[in-house]
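A.B. asks: Got a structure for you, questions after.
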């Protein structure tokens with residue numbers, strides 16, 4: 001359902017902007033999504049994989065190539081391989097605008113958000129819209145497959161592997177490839193062993209607040225260097241940060257963001273968690289479930305919704321706060337228990353922020369009241385409510 005909505009959203013963007021960018025980590029399905037969109041268009045778009053030497057050679061004179069295929073959508077996959085094309089795109093788009101051709105000209109696929117945003121913002125401001133593709137989400141798999149999705153993560157090849165062993169091998173290979181091949185393309189050379197240590201440290205501390213000095217000490221690098229490494233992993237769409245609530249200036253609020261590995265399967269691979277039994281007996285089981293729930297909810301949020309966590313020095317705490325408008329503040333507690341309860345800190349947090357809806361997301365399949373005004377709800381149900 002979400003995948004189809006994403007296709008519709010991109011089609012709408014192509015009706016409104018000359019260029020649309022799809023962001024997402026490698027192997028998450030960007031090319032497949034572009035192919036599905038291609039089937040809905042006539043004439044069929046032109047697809048260029050800029051990792052392919054033959055396709056890359058076609059852009060030796062990009063202006064001439066774009067002119068040759070004028071009237072067709074051109075899909076540029078892994079465009080960061082040829083950053084000089086951005087300045088050409090601007091000229092082509094502006095010339096076509098003057099000729100009355102204003103929308104649906106280029107679909108750009110990229111694996112690193114900040115790099116692509118930086119390059120395109122310098123040249124394509126006002127000419128491009130962005131959409132992010134996450135891995136498979138809980139709403140996109142059968143209810144009976146929810147635990148497998150949690151264990152293996154949302155990368156299609158990992159989720160669909162024949163066995164847990166095969167899935168783990170795929171993810172471990174993915175991690176090694178990213179560290180050895182992808183990361184060096186996006187900045188100064190960082191030792192793969194150092195970055196893997198950082199990634200693993202973050203997996204052990206899934207969902208905890210970011211302390212760059214502590215990370216730096218563990219990596220034996222300066223705090224600013226550790227911060228740069230964290231930002232690189234975020235840029236590559238491999239980790240996420242959840243900002244603290246800042247709306248209540250009368251309280252002593254924490255200021256550091258929470259950091260989590262976005263794909264639960266990668267987190268488990270970093271910790272060598274192979275099976276559901278391994279996961280359920282591991283100390284990270286609660287934080288892993290929380291990260292899985294947060295990533296699913298954030299990936300399903302409609303445009304305009306914002307997400308925070310709330311914590312004060314007095315002990316008030318909410319795992320996730322969703323603001324959809326000034327009158328709708330949703331407080332969410334996340335529990336890996338079939339009979340969940342809420343803490344006093346959750347009640348205090350809800351009063352502080354004026355929560356209008358209060359939920360406990362748990363791994364069951366039914367809704368039921370936990371306490372006055374608080375409902376236990378399955379993950380897929382809360383996602384549907386937020387869509």
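The values are calculated or read from the model by the stated rules, or taken from the named source; none is laboratory data. Values in this document were obtained by computation on a predicted structure and should not be read as measured data. Cβ coordinates were reconstructed from backbone atoms using ideal geometry, including for glycine residues, and neighbour counts include every protein chain displayed.
A.B. asks: Would you check if residue 311 is modelled with pLDDT of 90 or more, over 22 Å from residue 135 (Cβ atoms) and surrounded by 17 or more Cβ atoms within 10 Å (Cβ to Cβ)?
C.D. replies: For residue 311, the condition - modelled with pLDDT of 90 or more, over 22 Å from residue 135 (Cβ atoms) and surrounded by 17 or more Cβ atoms within 10 Å (Cβ to Cβ) - is met.
A.B. asks: Looking at segment 342-360 only, could you name the residues that are in contact with a helix residue (DSSP H, G or I) (Cβ under 8 Å, 6 or more places away or on another chain) and in a loop (DSSP other than H, G, I, E, B)?
C.D. replies: Once the filter is applied, which keeps residues that are in contact with a helix residue (DSSP H, G or I) (Cβ under 8 Å, 6 or more places away or on another chain) and in a loop (DSSP other than H, G, I, E, B), segment 342-360 yields only 355.
A.B. asks: In addition: Got a sec? Which helices (runs of 4 or more DSSP H) wholly within segment 149-250 have at least 1 residues that are closer than 23 Å to residue 309 by Cα and touching a strand residue (DSSP E or B) at 6+ places or on another chain (Cβ under 8 Å)?
C.D. replies: Once the helices (runs of 4 or more DSSP H) in segment 149-250 are filtered for at least 1 residues that are closer than 23 Å to residue 309 by Cα and touching a strand residue (DSSP E or B) at 6+ places or on another chain (Cβ under 8 Å), what remains is 192-204, 223-235.
A.B. asks: What about residue 180, is it at negative phi, surrounded by fewer than 18 Cβ atoms within 10 Å (Cβ to Cβ), modelled with pLDDT under 90 and outside the structural domain of residue 79 (by TED's automatic domain parsing)?
C.D. replies: Taking the combined requirement at face value, the residue satisfies it.
A.B. asks: I need the full set of residues from segment 89-107 which are over 29 Å from the mean Cα position of the chain (by Cα), part of a helix (DSSP H, G or I) and free of Cβ contacts under 8 Å to residues at least 60 places away in the same chain, in order please.
C.D. replies: 91, 92, 94, 95, 98
A.B. asks: Are any of the residues in segment 243-253 on the phi > 0 side of the Ramachandran plot and either modelled with pLDDT of 90 or more or crowded, with 18+ Cβ neighbours inside 10 Å (or both)?
C.D. replies: Checking segment 243-253: not a single residue is on the phi > 0 side of the Ramachandran plot and either modelled with pLDDT of 90 or more or crowded, with 18+ Cβ neighbours inside 10 Å (or both).
A.B. asks: OK, next. Take residue 66 and tell me if it is crowded, with 17+ Cβ neighbours inside 10 Å and either within 26 Å of the chain's Cα centre (by Cα) or under 26 Å from residue 137 (Cα atoms) (or both).
C.D. replies: Answer is no for this residue.
A.B. asks: May I pose another question? Suppose the filter is under 19 Å from the mean Cα position of the chain (by Cα) and surrounded by 16 or more Cβ atoms within 10 Å (Cβ to Cβ); does residue 236 pass it?
C.D. replies: Numbers: under 19 Å from the mean Cα position of the chain (by Cα): yes; surrounded by 16 or more Cβ atoms within 10 Å (Cβ to Cβ): yes.
So residue 236 passes the test.
A.B. asks: Something else now. Against the condition assigned by TED's automatic domain parsing to the domain that holds residue 289, in a strand (DSSP E or B), under 16 Å from residue 138 (Cβ atoms) and out of contact with any helix residue (DSSP H, G or I) (no Cβ under 6 Å at 6 or more places or on another chain), how does residue 382 come out, does it pass?
C.D. replies: no
Every residue, every condition in (1) surrounded by fewer than 17 Cβ atoms within 10 Å (Cβ to Cβ); (2) at pLDDT 95 or above; (3) outside the structural domain of residue 296 (by TED's automatic domain parsing); (4) under 21 Å from the mean Cα position of the chain (by Cα), yes or no:
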| residue | (1), (2), (3), (4) |
| --- | --- |
| 316 | no, no, no, no |
| 323 | no, no, no, yes |
| 334 | no, yes, no, yes |
| 341 | yes, no, no, no |
| 344 | yes, no, no, no |
| 358 | no, yes, no, no |
| 372 | yes, no, no, no |
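A.B. asks: Mind telling me which of the residues 124, 116 ends up being buried (at least 16 other Cβ atoms within 10 Å of the Cβ), over 20 Å from residue 31 (Cβ atoms) and modelled with pLDDT under 85? Let's see the steps before the verdict.
C.D. replies: On the way: 116 fails: over 20 Å from residue 31 (Cβ atoms).
None of the others qualify; the one that does is 124.
A.B. asks: Take the residues in segment 327-341 that are touching a strand residue (DSSP E or B) at 6+ places or on another chain (Cβ under 6 Å) and part of a strand (DSSP E or B), then tell me which one is nearest to residue 151 (Cα to Cα).
C.D. replies: Taking the candidates together, the pick is 334.
A.B. asks: Now, a different point. Would you check which residues across segment 361-379 are out of contact with any helix residue (DSSP H, G or I) (no Cβ under 8 Å at 6 or more places or on another chain) and either over 25 Å from residue 139 (Cα atoms) or in a helix (DSSP H, G or I) (or both) and list them?
C.D. replies: 371, 372, 373
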